[in-house]
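Engineer: First the structure, which I've put down as structure tokens, then a few questions once you've had a look.
The values are calculated or read from the model by the stated rules, or taken from the named source; none is laboratory data. This is a predicted model, so every value here is computed, not measured. Because the Cβ atoms are built from the backbone with ideal geometry, glycine has one as well, and the counts that use them run over all protein chains shown.
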2 protein chains.
Amino acid sequence: MQIQVNLKDNPYKVFVDEPYFLELNTKVALLSNPKILGLHLNSLLKRIKCEELFIISVKDGEEYKNLASIEEILNQMFNSKLDRKSLLISFGGGVISDMGGFAASIYQRGIDFINIPTTLLACVDAAVGGKTGVNNHFGKNLIGSFYQPKAVYCQSEFLRTLNERELKAGLAEFIKMAIMFDENLLDFIENIDETTFLNANCKDEIFTQIISKSVALKARVVENDEKEAGLRMLLNYGHTFAHIIENQTKYKIYLHGEAVAIGMNMANSLALNLGLIDEKECKRVENILKKFKLPTTYKIKNLNEFYEAFFLDKKTHHQKINFILPHKLGQGIIKNDISKDMILKSLGQFQ
Amino acid sequence: MQIQVNLKDNPYKVFVDEPYFLELNTKVALLSNPKILGLHLNSLLKRIKCEELFIISVKDGEEYKNLASIEEILNQMFNSKLDRKSLLISFGGGVISDMGGFAASIYQRGIDFINIPTTLLACVDAAVGGKTGVNNHFGKNLIGSFYQPKAVYCQSEFLRTLNERELKAGLAEFIKMAIMFDENLLDFIENIDETTFLNANCKDEIFTQIISKSVALKARVVENDEKEAGLRMLLNYGHTFAHIIENQTKYKIYLHGEAVAIGMNMANSLALNLGLIDEKECKRVENILKKFKLPTTYKIKNLNEFYEAFFLDKKTHHQKINFILPHKLGQGIIKNDISKDMILKSLGQFQ
């Protein structure tokens, strides 16, 4: 399947389980990590022909997604004498596509890059849409750029080697999109048989379906609002909370999707207190998260510290925190007028 | 005078010696260095009203234009809790506008910035056109982005405190544009009276003329080719050589404009050997440079090392070095088929 992302200046295609062969008349830097390279490099190399290929392998993990790693990646690119016509390929999960896109965007003021995601999370979300960046000690994804890939190639075969935890974490981002945009998707997710989803022999087909539905939806959102001035903010549902949890736990306890699952539950608790959703809807989401054994709670140690961290969220403007909340299931809303008392009350339920 | 830079997605104005007052409904980070702040902060503050103003002062000098400084600038921006609607003002020379634009382009994936240049070089060149970036040990301006300011305010009054060397270095970039695009400008430059140019009492008017002519020309070039795919490359005349000289001397010996003056003379030597210009034209440029006491020569210690450094130039593609050369005065040409022998022969004249 091919899904077009119709951006005026940077249109590109996302290929989902389509055969491809990249014949490139350029030098290529392949950014990945040791684990992915060990599992999938041979398979990928059969699909690439280029002038010269340089492999840049970085440490695996969100805790290494920082400016120091970007500098190291850039140094390796300069050592390989990549020029402005060279291509960077990000081959890995969300950490790799975030860093690869960012490095490509600032190498010699910008070279082309493509994403070949190898996790479900990167396929359904991170690899599409052109958000790139790194973390710093103030928080997650605070440094970066909007820089679109030239193409994205999603292949279910690379997902076969993921463990259960990684698969379920990927699903969290898909659940997020369903709650924000499309209740039918939520029905679809409820009907996914957990055993099928986790069974290596028959999961390719369900992956193809999940990725296609997710990318098609995300493409429409990004086309509508590339730089996140409005609609695209809804894709941050759960993330305002998740980023703080990830930063507080130094990216070591939760996978990103797991933190998003907790964040969605926190957002729902706030939405429930505000009367935007009812108990039944709140419970429905919680049940879906629990069905896929995603975490739904986190012990907030210091309420005020957690609250203050909202002010470094990228959606905070003029000291007003933009909360992304469900307004019925399948429809999102941005609220920036919630009182501090109400926020603290809702957070208090997680102490 | 107002000069419009008509870029499709980012149109903006350059104000040359126009009265202005910035009434900003946002937080502002003012990036500058201790020297500029000491000389001109009070004068600038009379022209700005905003929610909150945070001053970020970085060390003065091209040798500090690196990723470490960018990280420090970003940290100060996060400490001040700037949000996506905040504004960065670059207040200084080319180093400040290059770094400020780059920091703005990657802070929370991009915030607005404006340039208020305080050197002649930044007014005529660096502050206009959206090239941002920093150096690394591989070379100059190798990391960065194309990111346009929202406006540029050039004021002659800030140039009154420049010393002779800084003024002449600024003129070098103007001479560059004349040679590449407009012989009439070269006549204009030849007719500039050096004493007037350097006399504090009467130089405002000549500055206004130089800046207006230069910005008007640069605006047309940038509109035509924002991302430097062709025509804009001509603005790099002299720079292919200059960047290597600056990197080799660790940015401590020459001001950027001085290195460009040497670079133009080196390019002319190559152009002369190729028969693109004649001895008379070559001499004419050299005389202009000497009239303004700009350096024209540099002792290359290791020819091969100098030659190899060309391959990290941003205009090098597929191992072909793009040389920007004059083809008659007032007209530039891009040559990528010059033999190594010919290049070494021309460089050899600078041993």
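Engineer: Can you name the residue in region A:221-238 that is at pLDDT 95 or above and of a type in the set (A, V, I, L, M, F, W, C) and is also surrounded by the fewest Cβ atoms within 10 Å (Cβ to Cβ) among such residues?
Structural biologist: Per the stated criteria, the residue is A:Leu231.
Engineer: Which residue out of B:Leu7, B:Leu24, B:Leu30 is away from chain A (no Cβ under 14 Å) and surrounded by 14 or more Cβ atoms within 10 Å (Cβ to Cβ)? Give the derivation first.
Structural biologist: Working: B:Leu7 fails: away from chain A (no Cβ under 14 Å); B:Leu24 fails: away from chain A (no Cβ under 14 Å).
After applying the criteria, what remains is B:Leu30.
Engineer: Still on this model: Given the residues B:Lys218, B:Lys314, which is the only one that is modelled with pLDDT of 95 or more, among the basic types (Lys, Arg), buried (at least 19 other Cβ atoms within 10 Å of the Cβ) and under 17 Å from the mean Cα position of the chain (by Cα)?
Structural biologist: Working: B:Lys314 fails: modelled with pLDDT of 95 or more.
Testing whether each residue is modelled with pLDDT of 95 or more, among the basic types (Lys, Arg), buried (at least 19 other Cβ atoms within 10 Å of the Cβ) and under 17 Å from the mean Cα position of the chain (by Cα) leaves just B:Lys218.
Engineer: Further, regarding this structure: Testing A:Thr196 on (1) surrounded by fewer than 21 Cβ atoms within 10 Å (Cβ to Cβ); (2) within 14 Å of chain B (Cβ to nearest Cβ); (3) of a type in the set (Ser, Thr, Tyr), one condition comes back false. Which one is that?
Structural biologist: All conditions are met except number (2).
Engineer: Considering every residue within region B:308-327, establish whether at least one is of a type in the set (Ser, Thr, Tyr) and either within 14 Å of another protein chain (Cβ to nearest Cβ) or closer than 21 Å to B:Leu142 by Cβ (or both).
Structural biologist: Filtering region B:308-327 for residues of a type in the set (Ser, Thr, Tyr) gives B:316.
When the remaining residues are screened for being either within 14 Å of another protein chain (Cβ to nearest Cβ) or closer than 21 Å to B:Leu142 by Cβ (or both), the result is B:316.
Looking for residues that are of a type in the set (Ser, Thr, Tyr) and either within 14 Å of another protein chain (Cβ to nearest Cβ) or closer than 21 Å to B:Leu142 by Cβ (or both), one finds at least one in region B:308-327, hence yes.
Engineer: May I pose another question? Take the residues in region A:58-78 that are part of a helix (DSSP H, G or I) and at the interface with another protein chain (Cβ under 10 Å from one of its Cβ atoms), then tell me which one is surrounded by the fewest Cβ atoms within 10 Å (Cβ to Cβ). Steps first, please.
Structural biologist: Quick first cut of region A:58-78, residues part of a helix (DSSP H, G or I) only: A:62-64, A:67-78.
With the extra rule that they be at the interface with another protein chain (Cβ under 10 Å from one of its Cβ atoms), the set shrinks to A:67-68, A:70-71, A:74-75, A:77-78.
On the way: A:Leu67: 18, A:Ala68: 12, A:Ile70: 24, A:Glu71: 17, A:Leu74: 23, A:Asn75: 14, A:Met77: 25, A:Phe78: 18.
Here the residue is A:Ala68.
Engineer: All but one of (1) surrounded by 20 or more Cβ atoms within 10 Å (Cβ to Cβ); (2) within 11 Å of chain A (Cβ to nearest Cβ) hold for B:Gly100, so report the exception by its number.
Structural biologist: Checking B:Gly100 against (1) surrounded by 20 or more Cβ atoms within 10 Å (Cβ to Cβ); (2) within 11 Å of chain A (Cβ to nearest Cβ), the one that fails is (2).
Engineer: I need the helices (runs of 4 or more DSSP H) fully contained in region A:177-256, keeping only those with at least 3 residues that are of a type in the set (A, V, I, L, M). So that I can check it myself, show each step before the final result.
Structural biologist: Numbers: elements: A:183-190, A:194-198, A:203-224, A:239-248.
Answer list for region A:177-256: A:183-190, A:203-224, A:239-248.
Engineer: Another question, then. Does region B:196-206 contain at least one residue that is under 26 Å from B:Tyr147 (Cα atoms) and outside the structural domain of B:Phe138 (by TED's automatic domain parsing)? Even if it seems obvious, please write down each step before you answer.
Structural biologist: First pass over region B:196-206, keeping only residues under 26 Å from B:Tyr147 (Cα atoms): none.
No, there is no match, as no residue in region B:196-206 is under 26 Å from B:Tyr147 (Cα atoms) and outside the structural domain of B:Phe138 (by TED's automatic domain parsing).
Engineer: What's the number of the only condition in (1) within 10 Å of chain B (Cβ to nearest Cβ); (2) part of a strand (DSSP E or B) that A:Phe91 fails to meet?
Structural biologist: (1)
Engineer: Let me ask something additional. Given the conditions (1) more than 14 Å from every other protein chain (Cβ to nearest Cβ); (2) among the basic types (Lys, Arg); (3) within 25 Å of B:Lys315 (Cβ to Cβ), which single one is not true for B:Lys140?
Structural biologist: With (1) more than 14 Å from every other protein chain (Cβ to nearest Cβ); (2) among the basic types (Lys, Arg); (3) within 25 Å of B:Lys315 (Cβ to Cβ) applied to B:Lys140, the lone miss is (1).
Engineer: Which residues, counting only those in region B:48-57, are assigned to a loop (DSSP other than H, G, I, E, B) and modelled with pLDDT of 95 or more? Even if it seems obvious, please write down each step before you answer.
Structural biologist: Taking region B:48-57 as the starting set, the residues that turn out to be assigned to a loop (DSSP other than H, G, I, E, B) are B:50-51.
Scanning region B:48-57 gives a single hit, B:Cys50.
Engineer: Related question: When residues of region B:108-137 are filtered for being at the interface with another protein chain (Cβ under 10 Å from one of its Cβ atoms) and closer than 30 Å to B:Glu305 by Cα, how many remain?
Structural biologist: Summing the residues that are at the interface with another protein chain (Cβ under 10 Å from one of its Cβ atoms) and closer than 30 Å to B:Glu305 by Cα in region B:108-137 gives 6.
Engineer: Return yes or no: is A:Leu186 within 30 Å of A:Pro11 (Cα to Cα) and either surrounded by fewer than 19 Cβ atoms within 10 Å (Cβ to Cβ) or more than 15 Å from the chain's Cα centre (by Cα) (or both)? Spell out the reasoning first.
Structural biologist: Working: within 30 Å of A:Pro11 (Cα to Cα): yes; either surrounded by fewer than 19 Cβ atoms within 10 Å (Cβ to Cβ) or more than 15 Å from the chain's Cα centre (by Cα) (or both): yes.
In short, yes.
Engineer: Among the residues of region B:143-169, how many are under 30 Å from A:Asp112 (Cα atoms), touching a helix residue (DSSP H, G or I) at 6+ places or on another chain (Cβ under 9 Å) and away from chain A (no Cβ under 13 Å)?
Structural biologist: The initial filter retains those residues of region B:143-169 that are under 30 Å from A:Asp112 (Cα atoms), namely B:143-152.
Within this subset, residues satisfying the condition of being touching a helix residue (DSSP H, G or I) at 6+ places or on another chain (Cβ under 9 Å) are B:143-149, B:152.
If we keep only those that are away from chain A (no Cβ under 13 Å) too, we end up with B:149, B:152.
Total satisfying the criteria: 2.
Engineer: So A:Ser105 clears everything in (1) more than 8 Å from every other protein chain (Cβ to nearest Cβ); (2) within 24 Å of A:Asn224 (Cβ to Cβ); (3) assigned to a helix (DSSP H, G or I) except one condition, right? Which one?
Structural biologist: Going through the list (1) more than 8 Å from every other protein chain (Cβ to nearest Cβ); (2) within 24 Å of A:Asn224 (Cβ to Cβ); (3) assigned to a helix (DSSP H, G or I), A:Ser105 breaks only (1).
Engineer: May I pose another question? Quick check: anything in region B:286-303 in a loop (DSSP other than H, G, I, E, B) and in contact with a strand residue (DSSP E or B) (Cβ under 6 Å, 6 or more places away or on another chain)? I'd like the intermediate steps shown before the answer.
Structural biologist: Narrowing region B:286-303 to residues in a loop (DSSP other than H, G, I, E, B): B:292-302.
Then drop every residue that is not in contact with a strand residue (DSSP E or B) (Cβ under 6 Å, 6 or more places away or on another chain), which leaves none.
Checked region B:286-303: no residue is in a loop (DSSP other than H, G, I, E, B) and in contact with a strand residue (DSSP E or B) (Cβ under 6 Å, 6 or more places away or on another chain).
Engineer: Test B:Glu305 against the stated conditions and say whether it is of a type in the set (Asp, Glu), within 23 Å of B:Glu190 (Cα to Cα) and away from chain A (no Cβ under 14 Å). Full working, then the answer.
Structural biologist: On the way: of a type in the set (Asp, Glu): yes; within 23 Å of B:Glu190 (Cα to Cα): no; away from chain A (no Cβ under 14 Å): yes.
So B:Glu305 does not fit the description; no.
Engineer: All but one of (1) among the hydrophobic types (A, V, I, L, M, F, W, C); (2) more than 14 Å from chain A (Cβ to nearest Cβ); (3) touching a Phe, Trp or Tyr at 6+ places or on another chain (Cβ under 9 Å) hold for B:Leu255; which doesn't?
Structural biologist: So B:Leu255 meets the others, but not (3).
Engineer: While we're on this one: Determine which member of the set A:Ser90, A:Ser69, A:Ser97, A:Ser86 is under 19 Å from B:Lys315 (Cβ atoms) and either without any contact (Cβ under 8 Å) to a residue 12 or more places away in the chain or polar (S, T, N, Q) (or both).
Structural biologist: Working: A:Ser90 fails: under 19 Å from B:Lys315 (Cβ atoms); A:Ser69 fails: under 19 Å from B:Lys315 (Cβ atoms); A:Ser97 fails: under 19 Å from B:Lys315 (Cβ atoms).
Only one candidate passes the filter, namely A:Ser86.
Engineer: May I ask you to list pairs of residues, at least six apart or on different chains, whose Cβ atoms are under 7 Å apart, with the first in region B:264-287 being over 12 Å from B:Ser346 (Cβ atoms) and the second being among the charged types (D, E, K, R)?
Structural biologist: Final answer for the pair search is B:Met264/B:Lys176; B:Ile277/B:Lys328.
Engineer: Would you confirm whether or not region A:170-183 contains a residue that is more than 14 Å from chain B (Cβ to nearest Cβ), in contact with a Ser or Thr (Cβ under 8 Å, 6 or more places away or on another chain), among the small types (Gly, Ala, Ser) and within 26 Å of A:Asn287 (Cβ to Cβ)?
Structural biologist: Yes: one or more hits.
Engineer: Turning to a different aspect of this structure: Considering (1) loosely packed, with under 14 Cβ neighbours inside 10 Å; (2) among the aromatic types (Phe, Trp, Tyr); (3) not in a helix (DSSP H, G or I), say which one B:Phe350 fails and leave the rest.
Structural biologist: (1)
Engineer: Now for a different question. Hey, could you check region A:23-47 for residues that are touching a residue at least 40 places away in the same chain (Cβ under 8 Å) and assigned to a strand (DSSP E or B) and say which is nearest to A:Glu72 (Cα to Cα)?
Structural biologist: Applying the filter and picking the extreme gives A:Leu31.
Engineer: Name the pairs: first residue in region A:190-203 and among the aromatic types (Phe, Trp, Tyr), second residue at pLDDT below 70, Cβ to Cβ under 9 Å, at least 6 apart or on different chains?
Structural biologist: A:Phe197/A:Lys203
Engineer: If you check B:Glu205 against the conditions, is it acidic (Asp, Glu) and over 15 Å from the mean Cα position of the chain (by Cα)? Break it down into steps so the answer makes sense when it comes.
Structural biologist: Working: acidic (Asp, Glu): yes; over 15 Å from the mean Cα position of the chain (by Cα): yes.
Against the criterion (acidic (Asp, Glu) and over 15 Å from the mean Cα position of the chain (by Cα)), B:Glu205 qualifies.
Engineer: Moving on. Out of (1) within 14 Å of another protein chain (Cβ to nearest Cβ); (2) surrounded by fewer than 17 Cβ atoms within 10 Å (Cβ to Cβ), the odd one out for B:Leu45 is which?
Structural biologist: Exception for B:Leu45: condition (1).
Engineer: Quick check on region A:112-145: of everything there that is crowded, with 24+ Cβ neighbours inside 10 Å and assigned to a loop (DSSP other than H, G, I, E, B), which residue is farthest from the chain's Cα centre (by Cα)?
Structural biologist: Only one residue tops the list, namely A:Thr118.
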